[in-house]
Amino acid sequence: MTSTRPGRLVHRHLTDTRAGWSTGTLGAIAEFVRDPDEPCSGDDGTRATDRGAIALFDEGRTPPPGVTAVAYRTPAGPDLAWNHAVAFCVPVEQAGPARTVLTELGPDPDAVRPQDRGAVLFDLGLGTPAVEACVRTADPAVLDTLRAGAGRPVFGSGVAGALVAGSPHRVFRGAAGRVEVFAPIPAPDGRSPDGPHTHLLPHLLARGRTHASTVPIPAGHVPVAHLYPAHPLFGPLGRPHPFDAEADAAFAELLDEFGAPELVELERDVVAAVRGGDGPDAVTVPPTAQCRATVAVTLRRLAQTEPGLPSLSRWRPHRSAADGEHDPDGDRNGG
């Protein structure tokens, strides 16, 4: 896959306020979205609001060598919903360092907004190869706390609680770019704010995985950023809306161009079988989480778009076959 195609994909969707973005890994993720009327600055590869910022592919100009875009869908919950996303992946050797202790990195000259470039970055040391999960601050009190905890794991050191109180910027950066979050960190019993925010979930980080088993990341690669195009069932904040056939068709085009060929072909086989009145025995489904997820989503989409197909009821058990294999932090849209 040529490096220019993912770059064009980024530029096109950065202008669409219905699209969302993230960078991170299972258990540590930073998300960027913006409201349609929210003041925003940036060029062809950056966007910044008062709540957060994003910069991808060296400010959108030069995708890293070997970057691969992979479009996919996965089931979401026990009903008829699904997620869809495009993962930007790089070879494992390009994923970057994986520090395991809190580490001071110095000023942040690559900050999207000029006023943030003199603040000090600290890698939280989460040991994640796909992303450096950092915080950034110029606050003297927060700096003292971070420097006192440097060289130690962030969990159990007392630093985590101080970060909630001090609420420094979160900067998650990887080989494909960065997402910056300026919104306050919610209390442990609070909820993430609408708009740009981060999730830090130690129980998922402990798995040491970069993505859910249902997501078709190429062997030898890791996902470093995700695009969540306009969804047919949900807005960028996860709020449901009437089925949007235009958004569904737009993602189908992305899937044809960037999807795993074997999964695209499996979807076509299932659609043809259901429309032809055949049952599940008509299609051979390889016994993988990705294939079971593809079948489940295909059936869910058909239930939305062609609910009158007589043979859909024969396939019903396969609509939820992959639910137990989906990691909730693996991708964020759909909601």
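Assorted remarks:
- Rounded to the nearest 10 degrees, the inclination of helix 261-275 to the longest alpha-carbon principal axis of the chain is 40 degrees.
- With a Förster radius of 35 Å applied to the C-beta separation of residue 15 and residue 105, the computed FRET efficiency comes to 0.65.
- Ratio of the Cα radius of gyration of the stretch 95-173 to 2.2 N^0.38 Å, where N counts its residues: 1.01
- Difference of contour (0.36 nm per residue) and Cα-Cα distance, residue 268 to residue 98: 57.2 nm
- For the chain, calculated [θ]222 nm from helices alone, where every DSSP H run of n ≥ 4 adds -39500 (n - 2.57): -7500 deg cm²/dmol
- If the segment from residue 199 to residue 243 were pulled out straight at 0.36 nm per residue, it would be longer than the present Cα-Cα gap by 13.0 nm.
- Placed amide H near residue 259: partners under 5 Å, 5+ positions off or other chain: 71
- In a simple Cβ point-charge model (Lys, Arg +1; Asp, Glu -1; nothing else charged), the stretch 11-110 has a dipole of about 360 debye relative to its Cα centre.
- Entry for the stretch 133-220 at q = 0.15, 0.23 Å⁻¹: log10 I(q)/I(0) = -0.70, -1.36, Debye formula applied to identical alpha-carbon scatterers, no solvent contribution.
- Only one item in (i) 0.94; (ii) 0.96; (iii) 0.99 matches Rg/Rh (Cα atoms, Kirkwood Rh) derived from the coordinates shown, and that item is (iii).
- In order along the stretch 35-41, phi translates into HN-Hα couplings of 6, x, 9, 7, x, 8, 10 Hz, rounded to whole numbers, per the Karplus curve 6.51 cos²θ - 1.76 cosθ + 1.60 with θ = phi - 60° and x for Gly and Pro.
- In nm, spacing of pseudo-spin labels at residue 139 and residue 275 (7 Å Cα→C-beta vector): 5.7
No value in this document is a laboratory result; all are computed from the given coordinates. Bear in mind the structure is a predicted one, so any value in this text is a computation, not a measurement. Cβ sites come from the backbone with ideal geometry, for glycine too, and all protein chains shown count toward neighbours.
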